[in-house]
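Bear in mind that the values in this text are calculations on the coordinates, not laboratory data. In this text the structure is predicted, and so the values were computed from the model without any measurement. Cβ placement follows ideal geometry from the backbone for every residue including glycine, while neighbour counts extend to all protein chains displayed.
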């Protein structure tokens, strides 16, 4: 039995070594023959969009006066106070599959009138058409 567990440990170590060897081999191949830069044809457009968005965000932050740390802290304190002043209430949002939603579906199904039964088919077949 001791030989078998030792064999398993050696096999596991061998597999880890092979895995690590392939990782090193792949790293060497990528370093030698891999392309070092990624060419994105939309890079210029994305950088322009990023600069535009950053400029608009900076302007909004300045307009709101959030550049000053004291004003920002004061605004956060006011927001926290107004949130603490609100009383919690039950949410009207339903989670699909929740007990509340399933209960409402059952109540709606019970309250809905049953559909009228379809007209029963007659036992006699229709008469053949005249020629």
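Quick rundown of the values:
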quantity: Rounded, prolate or oblate (a/c below 1.5 giving rounded, otherwise prolate when a/b exceeds b/c) for segment 16-123 by Cα gyration tensor; calculated: oblate
quantity: Inter-site label distance for residue 81 and residue 44 at 7 Å from Cα along Cβ, in nm; calculated: 5.3 nm
quantity: Simple label model, 7 Å out from Cα along Cβ direction - residue 29 to residue 101, nm; calculated: 4.8 nm
quantity: Residues residue 112 and residue 57, FRET efficiency given R0 of 35 Å [Cβ-Cβ distance, rounded to 0.05]; calculated: 0.10
